[in-house]
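The values are calculated or read from the model by the stated rules, or taken from the named source; none is laboratory data. No experiment lies behind these values; they were computed from the predicted model shown. A quick note on method: Cβ atoms are made from the backbone with ideal geometry, for glycine too, and the neighbour counts reach across all protein chains shown. Just so you know, the surface numbers come from the protein's heavy atoms only, side chains and all, with ligands and any DNA or RNA stripped out. Shrake-Rupley method; radii C 1.70, N 1.55, O 1.52, S 1.80 Å.
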Amino acid sequence: MNITYELIDSAKRGSLTNENDLPFGALRTDHMFVADYENGEWKNPRITAYGPFSVMPGAVVLHYGQAIFEGAKAYLHPDNEIYMFRIDENIKRLNQSADILCMPHMPVDLHLEGLMRLIDVERKWCPSVPESSLYIRPFMFGTQDTLGVKSSNSYTFCIILSPSGPYYPGGFSHPVKLLITRKFHRAVSGGTGTSKCGGNYASSLRAAEYAHEHGAGQVLYLDASNEFIEEVGTMNHYHVLKDGTFIIPEFNDSILRSVTSISVLELARKGMVKARTEHVRLDDFLSKVKSGEIIEAGGFGTAAVVSPVGSYILENGEELVVGDGQIGQHSRSLYEMYSKMQIGKSPAPEGWLTKVPHYGK
Ligand code: COI
């Protein structure tokens, strides 16, 4: 499909000024990629100026939240070219979310080409300082003007870009605190937990406020029975055993499969790290943190990369420190190995990096 360009004058474009202090997700580049879905097909794919959409007040997304998104990253490598990291996985996962929300698939080729053409015109926005990246945010929403609760018959697909620093303030070197609560749940079996739909994040806001009230940054969610550890919402969870093995809670239909977790498990299959999934019983986890059998913990996510957890706050106010509360050596080595692959300072497995072509626009 022919992707058209509606580019703004070079003189009117912005630029990246302070690379060293980039917030996560606040900055935008000059353009976005947009495509419309109507009468059963995708139409009018275009690179256009970043700006507001026109949406009818009765649009399905505004009432019933039929909206999904992805989060991926691109990096400037030492050869001065831009590479997207594991983008195939994010493109695939968007369509898995689309299935769960009864939305049409975005064709993989169109998604990839639109993204690469967008990044190509926005090259100068890609930051190069440590822990920064060009964050990629594809999303799709239902636009049909109808108040009946049903799947929309029209959609907008869009990709925006955000030159970003680390998700958690301070980045890798600042361990986060997690609240373990039985009060809120992110998802249940048979729900939308394995999709990246907006509603999963809207419903996490109340839990995040509750976590802040308890002095924690985020909630570590349990399953609906309150017996097993699930995930954090903005990232999957991991803990590290004394022998250096990373344990990720077994994926189920209420946990979003983080591309970072999948990648760590792939590295484990190649013998580059020790990692596996397991059902993690909360009681067992807490007693092993107390006894020192669990020596490190943290989260895996695209935005979060590897984010160490220093301690857990329990609802009775008790603070349970993991190891010495600092960043452990296993989390540090995994973070370094993984981020070097992302920025092109050490070889990544075949197919993990996709170079953005020069289209001459
Ligand atoms: C990501 O890891 O990219 C996410 O989408 C998580 C969060 C920022 C919503």
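Observations
- Karplus (6.51, -1.76, 1.60) ³J(HN,Hα), θ = phi - 60°, over the stretch 105-110, in Hz, Gly and Pro reported as x: 6, 8, x, 4, 5, 5
- Net length available on complete extension from S225 to D99 is 42.7 nm, with 0.36 nm assigned per residue and the Cα-Cα distance removed.
- Residue-level accessible surface for T17, protein heavy atoms, 1.4 Å, Å²: 130 Å²
- The label point for N18 and the one for L112, both projected 7 Å from the Cα toward the Cβ, are 3.9 nm apart.
- Summarised as an ellipsoid, the chain has semi-axes of 34, 25, 18 Å, derived from the eigenvalues of the Cα gyration tensor scaled by 5 and square-rooted, with the largest first.
- Counting heavy atoms of the protein chains alone, K290 has an accessible area of about 130 Å² for a 1.4 Å probe.
- Ordered by solvent-accessible area of protein heavy atoms (1.4 Å probe), largest first, the residues S346, S287, S254 come out as S287, S346, S254.
- 5 Å binning of all Cα-Cα separations within the stretch 191-248, expressed as whole percents from 0 upward: 4, 16, 22, 25, 18, 9, 5, 1
- Orientation-averaged projection of the stretch 224-336 equals 6.9 nm² [convex hull of Cα atoms, one quarter of hull surface area].
- Mean projected area of the Cα convex hull of the stretch 61-103, taken over all directions, amounts to 3.7 nm².
- Computed FRET value (nearest 0.05) for M1 with F53, which takes r as the C-beta separation and R₀ as 25 Å: 0.75
- In this structure E209 has an accessible area near 120 Å², from a 1.4 Å probe over the protein heavy atoms.
- Euclidean distance between Cα centres, the stretch 32-70 to the stretch 96-163, Å: 9 Å
- The Rg/Rh ratio for the stretch 119-262 is 1.01, where Rg is the radius of gyration of the alpha carbons and Rh is the Kirkwood radius.
- Residue-normalised accessible area of the stretch 174-292, expressed per residue, 1.4 Å probe, Å²: 42 Å²
- A compact globular protein would have a Cα radius of gyration near 2.2 N^0.38 Å; the ratio found for the stretch 316-361 is 1.96.
- Three principal axis lengths of the stretch 37-187 [C-alpha, angstrom, descending]: 49, 46, 26
- Pairwise label distance in nanometres, S10 with E293, each label 7 Å out on the Cα-Cβ vector: 6.4 nm
- For the chain, modelled as a GNM whose springs connect Cα atoms under 10 angstrom apart, the maximal fluctuation among L118, L241, L205 occurs at L205.
- Springs between Cα atoms under 10 Å define the GNM used for the chain, and in it the highest mean-square fluctuation of G191, G301, G310 occurs at G191.
- On the basis of the beta-carbon distance and an R0 of 41 Å, N316 and S346 show a calculated FRET efficiency of 0.40.
- P(r) weight above 15 Å for the stretch 128-194, C-alpha pairs, percent: 76 percent
- For the stretch 62-171, the carbon plus sulfur part of the accessible surface works out to 56%, probe radius 1.4 Å.
- Rg and Dmax of the stretch 32-110, Cα atoms only, in Å: 15.1, 49
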